[in-house]
Amino acid sequence: MDSSIKDNRPLQLILTALGTVLVTVAMLHFKGFLKHSSVEDGIVYEGFSMILNVPEMDQYVSARAAKQRAVCAQGFLMIESVEGPAKIGLLVDSQRRAIRCDF
């Protein structure tokens with residue numbers, strides 16, 4: 001055997017493996033088997049606050065409705081998006097404890 005063929009063999013194997021991985025990932029992406037998460041999938045809703053019902057104190061709320069809706073599921077409060085594809089998540093407090101609901 002020629003010594004130049006032996007020297008190129010590891011490089012060929014590495015390039016073949018790299019090319020195979022790239023082509024496999026590209027085909028899985030184009031066929032729809034890879035699901036990429038969007039920004040909305042990982043949103044942490046820190047903008048929620050509570051308006052206390054205090055007698056003789058004026059309370060102001062926006063006339064426009066929020067883009068989320070609260071749902072009670074299996075005794076826990078879930079927040080569901082009302083726009084686009086249905087996305088729902090469990091509402092938790094700052095210590096990641098689930099918020100209970102009783103309906």
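The values are calculated or read from the model by the stated rules, or taken from the named source; none is laboratory data. For clarity, every value in this text was computed on a predicted model and none was experimentally measured. Note that each Cβ is placed from the backbone with ideal geometry, even for glycine, and that neighbours are counted across all protein chains shown. Just so you know, the surface numbers come from the protein's heavy atoms only, side chains and all, with ligands and any DNA or RNA stripped out. Shrake-Rupley method; radii C 1.70, N 1.55, O 1.52, S 1.80 Å.
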Go through segment 57-72 and count every residue that is part of a loop (DSSP other than H, G, I, E, B), open to solvent by 100 Å² or more (accessible area, probe 1.4 Å) and not hydrophobic (A, V, I, L, M, F, W, C).
4
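Among the residues of segment 70-103, count how many are in contact with a Ser or Thr (Cβ under 8 Å, 6 or more places away or on another chain) and without any contact (Cβ under 8 Å) to a residue 40 or more places away in the chain. Steps first, answer last, please.
Initial filter on segment 70-103 (in contact with a Ser or Thr (Cβ under 8 Å, 6 or more places away or on another chain)): 87-88.
From what is left, the residues that are without any contact (Cβ under 8 Å) to a residue 40 or more places away in the chain are 88.
Summing the residues that are in contact with a Ser or Thr (Cβ under 8 Å, 6 or more places away or on another chain) and without any contact (Cβ under 8 Å) to a residue 40 or more places away in the chain in segment 70-103 gives 1.
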In segment 73-103, anything assigned to a strand (DSSP E or B) and either basic (K, R) or open to solvent by 70 Å² or more (accessible area, probe 1.4 Å) (or both) is listed as I88, L90, R100
